[in-house]
1. Using DSSP to call loops (not H, G, I, E or B), can you name the GluC sites (Glu not before Pro) in the range 322-369 whose Cβ has at most 10 other Cβ atoms within 10 angstrom?
2. For the peptides 83-89, 316-322, what is the packing order when you average, over each peptide's residues, the other Cβ atoms within 10 Å and list the highest mean first?
3. Counting only other residues whose beta carbon sits under 14 Å from that of TRP180, what net charge do I get with K and R as +1, D and E as -1?
4. Return the whole-Å distance between the Cα centroid of the range 186-248 and the Cα centroid of the range 323-390.
5. Given the pairs LYS122/LYS232; LYS232/LYS277; LYS223/LYS326; LYS215/LYS326; LYS29/LYS122, which span a C-alpha to C-alpha distance of over 23 angstrom in this model?
6. Rounded to the nearest whole Å², what accessible area per residue is found for the range 204-312 with the 1.4 Å probe?
7. May I ask you to evaluate 6.51 cos²θ - 1.76 cosθ + 1.60, the Karplus curve with θ = phi - 60°, for each residue of the range 231-245 and list the ³J(HN,Hα) values in order in whole Hz, giving x for glycine and proline?
8. Within the chain, what whole-number % of the accessible surface is contributed by carbon and sulfur, with the 1.4 Å probe and all protein chains included in the calculation?
Amino acid sequence: MRRVSIFGATGSIGQNTLDLMSRDPSAYKVVALTGGQNIAQLAADAKRFNAELAVTADPARLDALRSALAGTGIDAAAGPAALDEAASRPADWVMSAIVGAAGLAPGLRALEQGATLALANKESMVCAGPLMLDTAHRHGGRILPVDSEHSAVFQALIGEDLEAVERVIITASGGAFRDWPLADLAGATPEQAAQHPNWDMGQRITIDSASMFNKALELIETKEFFGLSPDKIEAVVHPESIIHALVGFNDGGLMAHVGPPDMRHAIGFALNYPGRKALPVERLDLVALGQMSFRLADEARWPALRLAREVMAMGGLSGAVFNAAKERALDGFIEKRIGFQQIASVVEAVLSRVSANAGHIDAAITLDNVLQVDHLARVRANEIMNDIEG
Ligand code: NDP
Ligand code: MG
């Protein structure tokens with residue numbers, strides 16, 4: 001029986017992971033499940049899977065979690081120290097599906113235990129790619145990508161020589177506003193941005209899809225995960241979301257990973273790796289699909305993509321600055337403090353202010369330095385949003 005923990009169990013990825021596990025319950029011993037605000041879901045799943053431990057990130061909800069688990073023998077805990085303790089418990093396979101930079105520390109701790117880390121939390125790679133890979137390497141752990149594009153690239157690279165890779169193309173649906181006239185974007189609301197045309201995901205990543213900040217993070221994630229030079233990495237808009245990524249080799253061949261937009265494929269691939277098992281995902285009917293289309297990922301329409309190029313060129317801790325600024329600007333947009341197009345302006349301004357001090361970007365990529373620069377970027381983003389609000 002494999003010992004499994006899920007960080008962010010109550011979210012979209014976490015729930016899809018539990019859905020797959022529930023189809024073969026005798027294969028897994030659940031160690032820890034973690035959540036945030038959704039105590040009812042966390043407690044219900046902890047009971048259903050007989051977890052050893054349930055953790056809420058929010059200390060104010062510990063009493064609620066304790067009472068929901070009373071009499072079950074399942075430990076309840078809360079806060080960052082409890083997340084750290086949960087990640088320290090020996091597990092064979094750990095799903096990293098907390099949203100945001102908050103997912104970094106537990107993922108690193110799990111890697112220190114030598115676990116296989118199924119990484120949905122792309123922010124970990126963006127903020128601290130070299131640290132993640134090095135931690136896995138030093139402790140005999142392994143990181144498997146769960147982001148659909150990166151799972152696709154990973155699968156296309158099996159048995160291949162990275163030296164022969166000429167380019168990697170990741171696809172983008174274009175998000176909620178891909179067909180909107182540019183002039184209308186200024187008035188776009190969070191509610192409109194949270195409607196994804198193809199994928200059913202958490203609110204934050206769905207809005208990031210509309211702004212292309214999700215794709216921007218994924219370009220950086222591709223560079224960090226596969227160690228590719230930025231000029232080999234491209235994004236293309238593919239409204240049907242059927243091809244998830246393509247790998248181009250030096251003989252001109254392109255290997256595409258094709259499938260319906262259902263995260264249970266990428267999650268299940270990571271869960272069953274290195275084998276493959278049947279998964280409950282729709283089988284594509286190519287004739288019914290009829291055609292697929294592609295469009296330019298226009299950096300003028302989506303400045304996030306241009307900023308991602310700048311971050312890939314800058315390296316160091318610029319990814320952590322970029323991500324933290326984006327997280328705060330996204331909060332500002334959700335709270336209606338700033339407009340949709342100001343998300344990118346805020347991130348750009350934070351990047352330029354923080355990187356003006358080379359010491360902030362060039363410091364060693366350690367967890368402490370990432371957290372420090374993350375904090376600084378959030379403070380700067382708040383200042384800039386206060387200025388915008390006047
Ligand atoms: P959700 O918002 O659906 O879920 C996020 C999870 O993290 C929930 O369990 C939430 O708890 C918990 N959480 C939120 N804030 C914190 C915090 N500060 N500390 C600890 N836990 C917290 O997100 P998704 O499942 O959509 O995404 C998770 C990660 O996977 C993200 O990094 C995303 O980019 C990535 N990803 C997601 C995809 C998808 O299809 N959804 C596709 C590819 C990547 P609660 O809900 O109880 O408050
Ligand atoms: Mg993705």
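The values are calculated or read from the model by the stated rules, or taken from the named source; none is laboratory data. Computed from a predicted model, the values in this text were never measured in an experiment. Positions of Cβ are backbone-derived with ideal geometry, glycine not excepted, and every protein chain shown enters the neighbour counts. Surface accessibility is based on the protein's heavy atoms, side chains included, excluding ligands, DNA and RNA. Shrake-Rupley method; radii C 1.70, N 1.55, O 1.52, S 1.80 Å.
1. GLU335
2. Descending packing order for the listed peptides: 316-322, 83-89.
3. 0
4. 20 Å
5. Pairs exceeding 23 Å: LYS232/LYS277; LYS29/LYS122.
6. Details: 4600 Å² over 109 residues.
I get 42 Å² per residue for the range 204-312.
7. Per-residue couplings from phi come out as 5, 9, 10, 10, 10, 9, 7, 9, x, 7, 6, 9, 8, 9, 6 Hz.
8. Details: 8080 of 15810 Å².
It is 51 percent, rounded to a whole number.
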